[in-house]
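> So that we are looking at the same thing, I have put the structure below in structure tokens.
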Amino acid sequence: MSFSNLLRTKTVAQIQRDAELGYGDHGELEPKHPHLRRTLGVLDLTSLGIAAIIGAGIFAMIGNAANAGGPAVIFLFVFTAFACGCSALCYAEFASKIPIAGSAYTYAYASFGELVAWIIGWDLIMEYAIGNIAVAISWSDYFTGMLAGLRLPALGFPDGIHIPTYLTMDFLTASRGHAAVREMLAGGQTLETIRGLPDVSASTLEAHAAWATAPRVAGIPIVCDLPALVIVLLITTLVYVGIRESKRASNVLVALKLAVILLVIILGAFYVNPDNWSPFAPNGVGGVLQGVAAVFFAYIGFDALSTTAEECKNPRRDLPRAMIYSLIICTVLYMILALVLTGMVSYTKLAVGDPLAFVFGPEGANIPWVAGVVAISAVIAIATVLLVFQLGQPRIWMAMSRDGLLPAIFSSIHPRYKTPWFSTIVTGVVVAVPSLFMNLTEVTDLTSIGTLFAFVLVCGGVLVGATTRGLETGGEDKQRSFVPYVSSRYIAPALFLAVWAALIYFKPDALRSLFSLTDPADPAAGAWEVFRHKIPYFVYIAFSVLIVVLCYLKRLSLIPVLGLMSCGYLMTELGITNWIRFGLWLLAGLVIYFLYGYRHSLLGKREAGS
């Protein structure tokens, strides 16, 4: 094994040839092997992009961001769309030149080599799996809340439809809630007393009730999140049956979702009071930027489109357009919605869990039926997110299997449905079982760090590609480029110095805290305990200096540099704990690569044969 073998790259021609041939069930390359069905047009892809981007986030994030920044939060959406757009343009660049399923994995194989491709592929497996589990659990919460809010006296449900708590909660949450309440009961308190305690949440009492009332088998309570399991099975079945059925479902659900958002905007516009827009930026620039991380994550999802490249009618043209169209549409909707919400009620009241329903309540327009419509739209919105990502993950596995890095059955295509049937089933099981029993509150940030890591590598891959094509010196590529070349030689250093100057002037206390080895909030914490949480920031500072130097020396393309730097910074905001978990996941992936992937690499076998 040599280091050069780990960085062996595949040419675009090789990638396309392997996709055209495909893997048979026994690992043989077979020209007559079934292929994915090409049925997606630009409208379908744009719909999938909107489906992935507009999820539950819009129903909570927009209120918190407006509360911190006031009506000026619209500029935060513009700024975040620009930062996210840099990454989107880099994805569009690769999608136009390598229109093959596999997303960032395939792009990394062509840019950085096999080892980095495996790392990003393994990262995407984690991102999609954990993300889908979290989405399924979130859907279950919204769905049970919607049912509880339905008043159907004619059908015998005057107080709503209530599913037993032990069938809507995961095992760990119920166990922890039961243990907490049991400890208080052992201390001599009664349930009535516990209910009145301010530090005991309603969810803790619900968890205790779920554990206490659950049926038991061999003494073990049967507590599970049944709605989460059901929605995953339904979506997985839809994805298994075919891309045409999936796109039709997505188009219908997205149309309903957009109709509700437009209803809120149009109806709310009649209740806007312009006085609520003054002051426009009550907390200044700092208040506007306070929600940058949350708003950024309300945009991600467009990257999943790149996994459908082999099911597009014209991927070179339609994929890049759909990514850009979906970002523009979502940005416009976010901005208009923010203006309407902050115009209907004061921004100071919008720090609520469901601002879209809140502004139509007693504090706003006082139109109660709208709250029910918003609840239904939230259920639809989350279902479409799950659909897109359940569609994407099997195609990542398929691409990795096609290269020999996973067993051949993962790239087996169903002869009738034209979908990666085995990968789809595995995806359904990997998502359904944990969503039934697990609480992933502590690891959901891994989805964010995985997504941002993919963005960083794609932006870096465009920089590598630009260097090989001579674009860093103003050369022209023969193919159309979705990333226009702008030299960063002087702009990047100027921006770097401007950011540091702004920090020194506006946030001197934050800088002093960064370089301090004490924590005012926890004086007892040791120097190492304080320092370890700042390691991601110091790594990012060193990385930024290196990139700025390369910008000056190599005249790197500005847009991918901006995408690289913005996504890299957001990764630092996720904390050292998530970095450690992310690192452990990647280490586990490396073990699998060296035990299986390296030995079975199709590219490696070709090179050995030649």
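The values are calculated or read from the model by the stated rules, or taken from the named source; none is laboratory data. Bear in mind the structure is a predicted one, so any value in this text is a computation, not a measurement. Cβ coordinates were reconstructed from backbone atoms using ideal geometry, including for glycine residues, and neighbour counts include every protein chain displayed.
> Select from the range 322-358 the residues that are closer than 18 Å to LEU258 by Cα and not in a helix (DSSP H, G or I) and list them in ascending order.
ASP354
> Let me ask something else. Only one of VAL232, VAL217, VAL241, VAL285 is closer than 30 Å to VAL135 by Cβ and either in contact with a Phe, Trp or Tyr (Cβ under 6 Å, 6 or more places away or on another chain) or assigned by TED's automatic domain parsing to the domain that holds ILE62 (or both); which?
Of VAL232, VAL217, VAL241, VAL285, the one residue that is closer than 30 Å to VAL135 by Cβ and either in contact with a Phe, Trp or Tyr (Cβ under 6 Å, 6 or more places away or on another chain) or assigned by TED's automatic domain parsing to the domain that holds ILE62 (or both) is VAL241.
> Of the residues that make up the range 145-159, is at least one under 30 Å from PHE582 (Cβ atoms) and either in the same structural domain as TRP369 (by TED's automatic domain parsing) or surrounded by 15 or more Cβ atoms within 10 Å (Cβ to Cβ) (or both)?
No, the range 145-159 has no match at all.
> Looking at ILE220, ILE235, ILE194, ILE243, which is the one that is over 28 Å from the mean Cα position of the chain (by Cα) and at pLDDT 85 or above?
Result of the check over ILE220, ILE235, ILE194, ILE243: ILE220.
> When the residues of the range 306-321 are narrowed to those that are assigned to a helix (DSSP H, G or I) and not charged (D, E, K, R), which ends up nearest to LEU89 (Cα to Cα)?
Looking at residues that are assigned to a helix (DSSP H, G or I) and not charged (D, E, K, R), I get PRO320.
> Which residue out of LEU333, LEU339 is within 19 Å of ASP275 (Cβ to Cβ) and either small (Gly, Ala, Ser) or under 27 Å from the mean Cα position of the chain (by Cα) (or both)?
Being within 19 Å of ASP275 (Cβ to Cβ) and either small (Gly, Ala, Ser) or under 27 Å from the mean Cα position of the chain (by Cα) (or both) holds for just one of LEU333, LEU339, which is LEU339.
> Among the numbered criteria (1) more than 24 Å from the chain's Cα centre (by Cα); (2) in contact (Cβ under 8 Å) with a residue 12 or more places away in the chain; (3) in a helix (DSSP H, G or I), which single criterion is violated by TRP369?
(2)
Per-residue answers, yes or no, for (1) under 21 Å from CYS90 (Cα atoms); (2) assigned to a helix (DSSP H, G or I):
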{"position": "PRO523", "(1), (2)": "no, no"}
{"position": "VAL539", "(1), (2)": "no, yes"}
{"position": "ILE547", "(1), (2)": "yes, yes"}
{"position": "LEU564", "(1), (2)": "yes, yes"}
{"position": "LEU570", "(1), (2)": "yes, yes"}
{"position": "TRP585", "(1), (2)": "no, yes"}
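> Kindly provide the set of residues from the range 154-179 that are in a loop (DSSP other than H, G, I, E, B) and free of Cβ contacts under 8 Å to residues at least 60 places away in the same chain, ordered by number.
GLY156, PRO158, ASP159, GLY160, ILE161, HIS162, PRO164, MET169
> Mind checking whether some residue in the range 144-156 is of a type in the set (S, T, N, Q) and closer than 22 Å to MET438 by Cα?
yes
Table: residues versus (1) at pLDDT below 75; (2) among the small types (Gly, Ala, Ser).
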position: LYS32; (1), (2): yes, no
position: ALA51; (1), (2): no, yes
position: SER87; (1), (2): no, yes
position: TYR107; (1), (2): no, no
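> Output the qualifying pairs, or none if there are none: Cβ atoms under 6 angstrom, residues six or more apart or on different chains, first residue in the range 402-430 and closer than 18 Å to GLU245 by Cα, second residue of a type in the set (D, E, K, R) and outside any helix (DSSP H, G or I).
Every condition considered, the pairs that remain are LYS418/ARG37.
> Next question. Tally up the residues in the range 548-583 that are of a type in the set (Val, Ile, Thr) and either in contact (Cβ under 8 Å) with a residue 12 or more places away in the chain or outside the structural domain of LEU514 (by TED's automatic domain parsing) (or both), please.
5
> Oh, and also: Specify the residue that is farthest from THR572 (Cα to Cα); the eligible residues are those in the range 507-540 that are out of contact with any helix residue (DSSP H, G or I) (no Cβ under 7 Å at 6 or more places or on another chain) and surrounded by 13 or more Cβ atoms within 10 Å (Cβ to Cβ).
Per the criteria, the residue is ALA525.
> On to the next question. Only helices (runs of 4 or more DSSP H) wholly contained in the range 205-300 count here; list those with 3 or more residues that are surrounded by 15 or more Cβ atoms within 10 Å (Cβ to Cβ), of a type in the set (A, V, I, L, M, F, W, C) and in contact (Cβ under 8 Å) with a residue 40 or more places away in the chain.
226-241, 243-269, 292-297
> Let me ask something additional. Yes or no: the range 432-449 includes at least one residue that is at pLDDT 90 or above and out of contact with any helix residue (DSSP H, G or I) (no Cβ under 6 Å at 6 or more places or on another chain).
The answer is yes; a qualifying residue exists.
> Has the range 472-485 got at least one residue that is at pLDDT 80 or above and loosely packed, with under 15 Cβ neighbours inside 10 Å?
yes
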